[in-house]
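Everything below concerns the one structure shown next.
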Amino acid sequence: MRTFFKYLWPLICFPASIFAISVFYPVKGGEMKESTVKAMFIYNFTKYLEWDKESAEEKFVIGVYRYSDMADELMLNCNQKKVNDKPIEIVTLSNYQAISKCKIIFVPAKYINDFTQIKNIAEKNNVVVITESEGMCKKGSCINIIRQEKNLRFEINIKELTDAGVKIYEQLKKLATTVY
Amino acid sequence: MKITKLIGVCCFVIAFLNVQAQTDTASFNEMSLEQLLNVEVSVASSTNLNNRETPGIVSVITAEEIEAMNATDITDVLKRIPGMELGCDVEGVLGLGIRGNWAHEGKVLLLINGIEMNESLYATLPLEHNYPADMIEKIEIIRGPGSAMYGGAAAYAVIDVRLKSANKQRGVIANSSISAFKNALASQVNNIYVGNKTSNYSYSIIANRTTAIRGKRYFTDVYGNAYDMAKESDIKNNLMAINLNVRGYNIDVVLYDYNIFSRVGYDAIFSQAYYTGFKAGHAKISKKIELNEKFSFTPTIGYKNEKPWNFNDDYDTEEYEPFDITVREWKSGISFTYGLSKKFNLVFGGEMSNEKAVDNNGEIFSSNNKTSVTNNNAAIYAQGVLKTNLANFTIGCRANFNSIYENTFVPRIGLTKAWEKFHLKALLSQAYRAPSIQNTDANTSIQPEKSLTAEVEIGAQLTNNLSISVNGFDMLTTKTIVYSYDDVDDDDYYLNAGKSGTRGFETELKFKNKANYFGIAYSFYSTGKQSTVENYMVPQNADMQLAFPAHKIYGYVNISLNSKLHVQPQLEFKGPRYGITSYNEETDERYYQKINAMAVCNIMINSKAMLAKNLNIAFGVKNIFNANDVLIQPYYDLHAPIPGKSREAILKLTYHFNFK
């Protein structure tokens, strides 16, 4: 056993060497958690959208369908912000009923199987559906955030946004990678 | 350095860092959509499994739930977990039992921000008032073996605690609670958190100071002598946790100075209370390096300096033996993650450690007749997860090599599947308990104990609001390492005693809608008469083990009276238990007493921002009906049961504000 450790001990230096090398490894400053940046995307979308119906709610409600870390990120990054002078409220929805109270509903990838029911309710209630799964804009999502290499991009579906009673500013169309 | 001085130094650091942080945070939060499109994001694991699919029986408790339950320390939270129960070790130290098995000594792993908290001399995990609940962001508990990934202290369970951090909270939280028994102050807990995050770095600093007494009842030893615990059962704790992330380097530091004052060591009460101290400093640095979207690796280096079970003879007495050993440990490791595709993910790596224990009083270790001992350990591990349409398959293993005890290999396999409304898990895991420094010193031929655990879980999402899960388990441990006290040599003694283990089931029903929620958990175990270890046996009942109830129920209902006021009644029911309550020295006979079933009821009231925008006030009464709970020693030594806490009123104030 002593021999074993005699030969293996140099290995303890291996992680130390990696650290030493990593000092010179080019660190790309500004690399953020994906969900943090998505939360900021969602907040920024509100600057380019205009809801037809004036809501009676005192708050601008952004819903996250079922639990995901996106709710935490939105809470952390957007809770103190305002949209049209209304304070943002972040809610986690455990069922379909509360969707109608939201202005935006985010559907995490892991719950995408429930998308059709969510979309049907959202469309009738002037709610923008945002997803994060490949190909969802084609399938009826208003805005779909996708990853390309190390950056996030988004695609928009004008017909779905119009059907939901939401106006889109031209600038948003220009920033989107694909417009359906 | 004294922890209080360290807190002072940190305040200056916080002030400095915060000035820097204000600018950077503001810039990120105010980025336009065009700017956000240029921000690079870190790679997420491509085969992340959610809790319904993860290959383990898992409980998760969030900060919101901890706040609503008005918990004081981590033991209040762990009571809610099916199959978990507190027991009493020597010197009044409390530890955990898992599924009816004593796990305190080397079989349950506690991680705080990824740092292993089990002390190195005996691998124990002292609980009660040393980890403040209000500073916890999330606890993930694997209620089952975790050795294949987590090593030799995770044979029965893993408790992974994430403290509040700048990822969730950018600002300051000041939290203070006071509680009282009738005519006696029970506890004072003060916590402060400061954290902030920018695009280049983040930091969080937590400081805690706790003073408490264990109760105000009378403790009666096995010889019938008693003393008033209100005067001599203090617990004092200072804890500081720092997390710093700079340019991808993640640095965690945890420091604590935890002292329990007790008039009982092993059996008879002493003439006065003595302290048992646990002092430790842990530091860990790691950095995740992503070579591409599929392959990343994380080197880690950790250092620990601790004095566990410490008592120095400040009292000039002969009735309590001084014990002053310092353990220094260097640990390094490297972990690789390879996501071949969205269907397959492989984690593998290795770690090495060097522990050195030095007796500061110049006493010699019996294993080598020197005043210090060294233990070297190395391990390699791997785990692959394959997602298919049929099910998710997990296969993993760990090989451990040690300079003192024999090499060990533990494999595990798992199958999980989640449908829309249901999920199924079937797991078979081998695990090991690594003998600690004092185990190998007391018995140089001691071997790692091994456990084989089979688990099956079925869960169902009954409605959008209601879910249920049921899991069955069968745990069999061979070469069980047991502790004993050698009266002749007046020293600790350890041996591989034989087979032990339990089988049983646990079930949880949970409901949650927007405003209200409730949960109820029931757990059951039986030895199945498979145990041959006398230390844990109950002579009157072969189906049970000492200290732990076969039946346990924990239920709570959180009712929102309005958006700012919540009430949470809680109920903890324990079935009958057995403990050694008296001892006849002449005949060497122990008396095993049946402790009747009992229930503890609590009520907690939480108000959020009622009096002031950023101020939360919580009030509650624990043990409303003043039930006589006890904390029992789960093996056949002679520490009589410690009386539980009587009715206790608690008031907690939490003030928080976020940095702009």
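State, in angstrom, two size descriptors of the stretch B:84-199 derived from its alpha carbons: Rg to one decimal place and Dmax to the nearest whole number.
Spelled out, the Cα radius of gyration and Dmax of the stretch B:84-199 are 16.4, 52 Å.
Please report the net charge: other residues with Cβ closer than 9 Å to the Cβ of B:Tyr432, K and R +1, D and E -1.
On the way: positive: B:Arg398, B:Arg433, B:Lys450; negative: B:Glu449.
Result for the neighbourhood of B:Tyr432: +2.
Please sort by residue number the trypsin sites (Lys or Arg not before Pro) in the stretch B:382-486 whose DSSP state is loop and whose Cβ has at most 15 other Cβ atoms within 10 Å. Don't skip to the end; give the middle numbers.
On the way: sites: B:Lys387, B:Arg398, B:Arg412, B:Lys417, B:Lys421, B:Lys425, B:Arg433, B:Lys450, B:Lys479; in loops: B:Lys421, B:Lys479.
Sites meeting the loop and neighbour criteria: B:Lys421.
Where Lys and Arg each count +1 and Asp and Glu each count -1, what net charge lies around B:Gly97 among other residues with Cβ under 13 Å from its Cβ?
On the way: positive: B:Lys79, B:Arg99, B:Lys107, B:Arg143, B:Lys552, B:Lys574, B:Arg577; negative: B:Glu85, B:Asp89, B:Glu105.
Surrounding charge for B:Gly97 is +4.
By count of other Cβ within 10 Å, fewest leading, how are B:Ile624, A:Ile62, B:Ile136 ordered? Could you put the intermediate results ahead of the total?
Working: B:Ile624 16, A:Ile62 28, B:Ile136 23.
Fewest-to-most ranking of B:Ile624, A:Ile62, B:Ile136: B:Ile624, B:Ile136, A:Ile62.
Are there GluC sites (Glu not before Pro) in the stretch B:315-386 that DSSP puts in a loop and that have at most 11 other Cβ atoms within 10 Å, and which ones? Kindly include the intermediate steps, with their values, before the conclusion.
Values: sites: B:Glu318, B:Glu319, B:Glu329, B:Glu351, B:Glu355, B:Glu363; in loops: B:Glu318, B:Glu319, B:Glu363.
Loop-located and lightly packed - B:Glu318, B:Glu319.
What net charge do the residues around A:Glu149 carry, taking every other residue with its C-beta under 9 Å from that of A:Glu149, with Lys and Arg at +1 and Asp and Glu at -1? Don't jump to the answer; show the numbers that get you there.
Numbers: positive: A:Arg147, A:Lys150; negative: B:Glu40, B:Glu293.
Taking every Cβ under 9 Å from that of A:Glu149, the sum is 0.
Which order results if B:Tyr303, B:Tyr636 are arranged by neighbouring Cβ count within 10 Å, fewest first? Before the final figure, lay out each step's value.
Numbers: B:Tyr303 15, B:Tyr636 18.
Lowest count first: B:Tyr303, B:Tyr636.
With N set to the residue count of the protein assembly as shown, report its C-alpha Rg divided by 2.2 N^0.38 Å to two decimal places. It would help to have the intermediate numbers written out before the result.
On the way: Rg = 27.5 Å, N = 840, 2.2 N^0.38 = 28.4 Å.
Dividing the Cα radius of gyration by 2.2 N^0.38 Å gives 0.97.
When the distances between all Cα atoms of the stretch B:342-451 are binned every 5 Å from zero, what whole-number percent does each bin get?
All Cα pairs considered, the percentages come to 2, 10, 16, 16, 13, 10, 9, 7, 6, 5, 3, 2, 0.
Cross-link list B:Lys307/B:Lys450; A:Lys101/A:Lys159; A:Lys33/B:Lys343; B:Lys284/B:Lys331; A:Lys138/A:Lys173; A:Lys86/B:Lys168: which exceed 19 angstrom alpha carbon to alpha carbon? Write out the running numbers ahead of the final one.
Values: B:Lys307/B:Lys450 28 Å; A:Lys101/A:Lys159 22 Å; A:Lys33/B:Lys343 22 Å; B:Lys284/B:Lys331 9 Å; A:Lys138/A:Lys173 16 Å; A:Lys86/B:Lys168 23 Å.
Correct reply: B:Lys307/B:Lys450; A:Lys101/A:Lys159; A:Lys33/B:Lys343; A:Lys86/B:Lys168.
Hey, what did the stretch A:34-179 get for relative contact order, percent, Cα under 8 Å, at least 6 apart? Don't skip to the answer; put the middle values down first.
Working: 262 pairs, mean separation 32.1, N = 146.
Contact order relative to length: 22 percent.
So what is Rg over Rh here for the stretch A:34-179, counting just Cα atoms and using Kirkwood for Rh? Walk me through the numbers on the way to the answer.
Details: Rg = 13.6 Å, Rh = 14.9 Å.
With Rh from the inverse mean 1/r over Cα pairs, Rg/Rh is 0.91.
Going by amide H atoms built from the backbone, whose H comes under 5 Å of the H on B:Ala230, apart from near neighbours?
Close amide H contacts, sequence-distant or interchain: B:Arg217.
For chain B, what does the alpha-carbon gyration tensor say about shape, rounded, prolate or oblate, given a ≥ b ≥ c as the root eigenvalues, a/c under 1.5 as rounded, and a/b over b/c as prolate?
Values: a/c = 1.30, a/b = 1.21, b/c = 1.08.
It is rounded, given that a/c, with a ≥ b ≥ c, falls under 1.5.
A short reminder: the numbers here are calculations on the coordinates, not readings from a lab. What you see is a predicted model; the values in this text were computed from it and never measured. Cβ atoms come from the backbone with ideal geometry, glycine included; neighbour counts cover every protein chain shown.
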